[in-house]
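One structure, as structure tokens, below. Some questions next.
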Amino acid sequence: MNQKYLVPLAGVFLLFLVAYTGVEGAGLQWLFGVVVPYAALLAFLAGFFYRVMGWASSAVPFRIPTTCGQAKSLPWIKQNWVDDPDTAGGVFVRMLTEIFLFRSLFRNTRAAFHRNEKNRLSYSWEIFLWVGAMAFHYSFLVVILRHLRFFTSPVPGCVKFLTKMDGILQIGLPELRISGVVLLLAVFFLLLRRIFDAKVSYISQAADYFPLFLILAIAGTGICMRYFTRVDIIGVKELTMGLVTFHPVIPKGVGGLFYAHVFMVSILFAYIPNSKLMHMGGIFLSPTRNMANNNRAVRHINPWNYPVKVHTYEEYEDDFREKMIEAGLPVDKKE
Amino acid sequence: MADQIKPDELLDKIDHTPERGDWMHTAVQIRPGMYCYSANPASLETMDMPNVRKWDPLDEDWKLPENWQEIIHNGIKERLERFRTFKVFMDICVRCGACADKCHYFLGTGDPKNMPVLRAELLRSVYRNDFTTVGKILSSIPGGKKLYGSRPLTLDVLKEWWYYFFQCTECRRCSVFCPYGIDTAEITIMGRELLNLLGLNIDWIATPVANCNNTGNHLGIQPHALMGMMEFFTEDIEEVTGVNCAPQFNKKGADILFITPSGDYFADPGTYTCQGYLILFKYLKEKYGLDVTWSTYASEGGNFGSFTSFEASKRLNAKMYLEAKRLGVKWILGGECGHMWRVVHQYMDTMNGPADFLEEPVNPITGTKFENAKSTKMVHIIEFTADLIKHGKLELDKSRNDNVKLTFHDSCNPSRSMGMLEEPRYIINNVCNNFYEMPPNTIREQTFCCGSGAGLNAGENIELRMAGALPRATAVKYVHEKFGVNRLGAICAIDRAALPTAMEYWVPEVGVTGLHELIGNALILPGEKKRTEDLRFEPLPGVEEEDDE
Ligand code: SF4
Ligand code: SF4
């Protein structure tokens, strides 16, 4: 049981050590700072593309939206056009709410059963998973966007603005970035939930813990470099800009911690297309959400629809003609 | 069913906290009361199904073909190409657990493999092993499978599939809550298709399918017997209303072909709903000259083929259009049913259309164009009747239903596959003075299944059914205790067949009714006598007192 999270935890630790000692001990800066990041990016792009194309190449034989509200029906009945859209525009809005607001997760309830004289089954609104998921995804997004300042020169105004907003609390020096803290807390929450919620723990695989530990380690090394070891930012930017401009350089004075950080980010990227993290692409292609409920109004075509054997009326009448005549039913052939 | 498990024993078993351990290494135990008997070979033969033989799920040997693993492997491969749903849903579940406690079977049994996510993982674990690059690589190194949560397809795994894919009613409640819309019903559909490649259907599905193919309906009612049943209804209605409401059958050139699930011909309380249809059609004929015909060839609205495979579903469904064409009607009207409407609404036009020989449906009485049905050309009777009431075309005496304190059970398919939520409520409010909703988390798109859908309404799996009905029954019990509700309304034939048993088990004071039964009671037929009884031959409100005076 414990194996399910101990193995991935040990794995992430190992990844860290490999890069750290590789750089500090064996001087493999080129490998961990240049080769691996390029390879990982390539693996990510190719893998992502391959997976999405794989989904797209599968047919959509039927139009099967899950309707989560009143459909378009008689003119005097008010339609819920977001949760049960019948037009492309409605579907678009529904998808926006799913992708950006996690609409379906927002509905989440928690069931409880009390064995007593009432034997009540109750359902209460369970918002924490939604809050945790929103916090995690949005803080991660902000962190990624903030990192653009390492890959652009000059840094675009919007990235600067975002970074400024992120540090708006102005605590400490260098000032505290909200997104980093939220990300850490959110990952911790998701991790603890996975370990201690009996149902979630039961369904979890090592493959579910691994990305959580990995992200935790990435965030941890990042925070460490910013607040404690004070990594040489100029050197880091030299390296990252070198990567972007395809003129890789290895700066002096940047230590193993940074390479470990980069290595784990690379692993995460390469891991995405081979894992459930592909949900970021899959959500766009989910037929229960991205199709309009206009089934009876517009015919959907199944590309592999094939003819089937049908028991025809003629065969049926042949089987039952006499009985039908006796019962006074009209028949097509009299004898 | 004397050895049936008692409600208290069933409740004692429920524990929603799975024990620690690895689900993959907990072998399946096929337990009587939870599974349905295997398919009758003759029924499989009728539908040209493979591997026809007698077998017993409790036997060690399931008499599978030599190369059964290869058959399943190829079956999965083919379906991954044919169904984007399948492929995407195999790949993107993050095991967040949002769906875990949404399934009525999990809530009623506490069996962790009834959590929708685990039901899907039963298949997904094999998919990961056989169809993903990482899975293939990891399965060759020791311990690798464990890391990735993959496993090879063994006989035990197959048995587990069989057990749990026939413990899912394809109700789609899980899909409402999944952040990616993963629909475990769709995975169950795939799972059952795969099982059918090895001849592993259950009899409660296979035999109705064969019947429907041969005689036109699931129950195997032959044309003359059907006429006999209708005569019986006609006599009953005449006794209550004094009006002869005999239907017409197989009539060429009628305006509308009406098709309803055969459950409504067969057993109470569905029969009262059927009588409601007869009364409504008589009324429309007398008042407005609407010519409705029924058919003996297409005498089944439901489609147990859809619980077998898309091919079986298509074969049975084809009769609707064929018969409409043969009779030369303008469009088709469909009765109150759940999975029938899943098929009609989401599959029929695609499978067996285009219905270019029919007209775009218009209600000739109100002039309403049913825009939402203009391609499929089949209208739901709840839409049709709601439209008639809205335009004041029905003369109704609501008070005749005053003995009924009603609550309404949204059926899975009309709510989560059609979005038909307001129409039935509109009708209810026009035919019934006492209507009380169940708690919001148990109705509309969040409604709970009756626990017996998707072909699981058999006798031998009664424990499963009663456990699955618990969430619905608990909500009914709540309104029964709070408002004195004594009747549960539903627009689904399986509900009308399954919920009476569930109510008797959990909330015995509550009966079950279709909405057209209430219409039948309330509708004032031209030339009717003074009614003293409702369609169940129970005295109308106020009648007893009058007699006493
Ligand atoms: S809610 Fe969806 S993503 Fe979450 S566990 Fe269930 S099926 Fe998987
Ligand atoms: S479709 Fe319904 S029965 Fe099947 S897993 Fe989902 S909630 Fe359970």
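Look through segment B:62-100, keep the residues that are within 16 Å of ligand 2 (Cβ to nearest atom) and part of a helix (DSSP H, G or I), and return whichever of them is surrounded by the most Cβ atoms within 10 Å (Cβ to Cβ).
B:F89
Here's a follow-up. Of all residues in segment A:81-111, which are over 17 Å from the mean Cα position of the chain (by Cα), open to solvent by less than 30 Å² (accessible area, probe 1.4 Å) and facing chain B (nearest Cβ under 9 Å)?
A:D83, A:D84, A:R107, A:N108, A:T109, A:A111
Pick out, from segment B:170-224, the helices (runs of 4 or more DSSP H) lying fully within it that include 2 or more residues that are away from ligand 2 (no atom under 12 Å from the Cβ). Break it down stepwise before answering.
Numbers: elements: B:173-177, B:184-196, B:203-215.
Here the list reads B:184-196, B:203-215.
Yes/no per residue for (1) assigned by TED's automatic domain parsing to the domain that holds B:I187; (2) in contact with a Phe, Trp or Tyr (Cβ under 8 Å, 6 or more places away or on another chain); (3) within 30 Å of B:Q167 (Cα to Cα):
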{"site": "B:L394", "(1), (2), (3)": "no, yes, no"}
{"site": "B:D410", "(1), (2), (3)": "no, no, yes"}
{"site": "B:E423", "(1), (2), (3)": "no, no, no"}
{"site": "B:I427", "(1), (2), (3)": "no, no, no"}
{"site": "B:N457", "(1), (2), (3)": "no, yes, yes"}
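Would you say B:G276 is buried (at least 22 other Cβ atoms within 10 Å of the Cβ), modelled with pLDDT of 95 or more and touching a strand residue (DSSP E or B) at 6+ places or on another chain (Cβ under 9 Å)?
Values: buried (at least 22 other Cβ atoms within 10 Å of the Cβ): yes; modelled with pLDDT of 95 or more: yes; touching a strand residue (DSSP E or B) at 6+ places or on another chain (Cβ under 9 Å): yes.
Yes: the conditions hold for B:G276.
Checking B:V126 against (1) buried (at least 22 other Cβ atoms within 10 Å of the Cβ); (2) farther than 30 Å from A:R120 by Cα; (3) facing chain A (nearest Cβ under 10 Å), which test does it fail?
Every condition holds for B:V126 apart from (3).
Only residues that are over 12 Å from B:T308 (Cβ atoms), away from ligand 1 (no atom under 16 Å from the Cβ) and within 13 Å of chain A (Cβ to nearest Cβ): list them for segment B:154-205, please.
none
From the list A:L148, A:L141, A:L162, exactly one residue is hydrophobic (A, V, I, L, M, F, W, C), over 21 Å from A:G235 (Cα atoms) and surrounded by 14 or more Cβ atoms within 10 Å (Cβ to Cβ). Which is it? So that I can check it myself, show each step before the final result.
Details: A:L148 fails: over 21 Å from A:G235 (Cα atoms); A:L141 fails: surrounded by 14 or more Cβ atoms within 10 Å (Cβ to Cβ).
Every option except A:L162 fails the conditions.
Only one of (1) within 12 Å of another protein chain (Cβ to nearest Cβ); (2) open to solvent by 20 Å² or more (accessible area, probe 1.4 Å); (3) at pLDDT 95 or above is not met by A:L41, so which one is it?
Here A:L41 clears every test but (1).
Hey, among the residues in segment B:371-405 that are acidic (D, E) and part of a loop (DSSP other than H, G, I, E, B), which one's most open to solvent (accessible area, probe 1.4 Å)? Show your work before the answer.
Keep residues of segment B:371-405 that are acidic (D, E), which gives B:371, B:383, B:387, B:395, B:397, B:402.
With the extra rule that they be part of a loop (DSSP other than H, G, I, E, B), the set shrinks to B:395, B:397, B:402.
Details: B:E395: 92, B:D397: 48, B:D402: 56 Å².
Within segment B:371-405, the match that is most open to solvent (accessible area, probe 1.4 Å) is B:E395.
Quick check: anything in segment A:252-275 of a type in the set (S, T, N, Q), within 10 Å of another protein chain (Cβ to nearest Cβ) and either open to solvent by 40 Å² or more (accessible area, probe 1.4 Å) or in contact (Cβ under 8 Å) with a residue 12 or more places away in the chain (or both)? Before you say what the answer is, go through the steps one by one.
Start the filter on segment A:252-275 by keeping residues that are of a type in the set (S, T, N, Q), which leaves A:266, A:274-275.
Checking which are within 10 Å of another protein chain (Cβ to nearest Cβ) leaves us with A:274-275.
Adding the requirement that they be either open to solvent by 40 Å² or more (accessible area, probe 1.4 Å) or in contact (Cβ under 8 Å) with a residue 12 or more places away in the chain (or both) leaves A:274-275.
Checking segment A:252-275: at least one residue is of a type in the set (S, T, N, Q), within 10 Å of another protein chain (Cβ to nearest Cβ) and either open to solvent by 40 Å² or more (accessible area, probe 1.4 Å) or in contact (Cβ under 8 Å) with a residue 12 or more places away in the chain (or both).
Can you pull out every residue in segment B:104-123 that is away from ligand 1 (no atom under 16 Å from the Cβ) and open to solvent by 20 Å² or more (accessible area, probe 1.4 Å)? If you could, list the steps in order and put the result at the bottom.
Taking segment B:104-123 as the starting set, the residues that turn out to be away from ligand 1 (no atom under 16 Å from the Cβ) are B:108-111.
Within segment B:104-123, B:T109, B:D111 qualify.
Something else now. Looking at segment B:101-145, which of its residues are more than 13 Å from ligand 2 (Cβ to nearest atom), touching a residue at least 12 places away in the same chain (Cβ under 8 Å) and part of a helix (DSSP H, G or I)?
B:R124, B:S125, B:V126, B:Y127, B:R128, B:N129, B:D130, B:F131, B:V134, B:G135, B:L138, B:K145 - these are the residues of segment B:101-145 that are more than 13 Å from ligand 2 (Cβ to nearest atom), touching a residue at least 12 places away in the same chain (Cβ under 8 Å) and part of a helix (DSSP H, G or I).
Looking at B:A497, B:A522, B:A473, B:A490 in this structure, which one is in contact with a Leu (Cβ under 6 Å, 6 or more places away or on another chain) and not acidic (D, E)?
On the way: B:A497 fails: in contact with a Leu (Cβ under 6 Å, 6 or more places away or on another chain); B:A473 fails: in contact with a Leu (Cβ under 6 Å, 6 or more places away or on another chain); B:A490 fails: in contact with a Leu (Cβ under 6 Å, 6 or more places away or on another chain).
The conditions single out B:A522.
The values are calculated or read from the model by the stated rules, or taken from the named source; none is laboratory data. Values in this document were obtained by computation on a predicted structure and should not be read as measured data. Glycine also receives a Cβ, built like all others from the backbone with ideal geometry; neighbour counts cover every protein chain displayed. Keep in mind that these areas ignore ligands, DNA and RNA; they rest on the heavy atoms of the full protein, side chains included. Shrake-Rupley method; radii C 1.70, N 1.55, O 1.52, S 1.80 Å.
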